[in-house]
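These notes concern the structure reproduced below.
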Amino acid sequence: MARTTHRSTGGKKLYAVRDAEGQFKDIQTFKRAHGQDIKRDSKAELMMDKKKVAKKKPAKKKAVAKKKAVKKAKKK
């Protein structure tokens, strides 16, 4: 869905989407359209987030537990 830019009579920037016949399907001000774009993540951004989560390794709980056990033993 490609958008083309136009100007309103008041001078505000507009985004217009046309259907297959070339008729206007949707017209929005740039301000409103841009705000909606910012609120939503693209498919590429979602894929990058998934890759980052997959790369993270889980914390080693055994090493922490051993350190606590050693500290308790030293205190006694």
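What follows draws every value from the coordinates through simple rules; no lab data is involved. Worth saying up front: this structure is predicted, and the values here are computed from it rather than measured. For neighbour counting, all protein chains shown are included, and Cβ atoms are generated from backbone atoms with ideal geometry for every residue, glycine included.
Some notes on this structure:
- Neighbour net charge for K25 - beta-carbon separation under 14 angstrom, K R +1, D E -1: -1
- Modelled spin labels at S8 and H34, positioned 7 Å past Cα toward Cβ, are 1.4 nm from each other.
- Long-range amide H partners of L14 with built H, under 5 Å: H6, R7, S8, F30
- Projected onto its three principal axes, the C-alpha set of segment 1-47 covers 39, 27, 11 Å, listed from the longest axis down.
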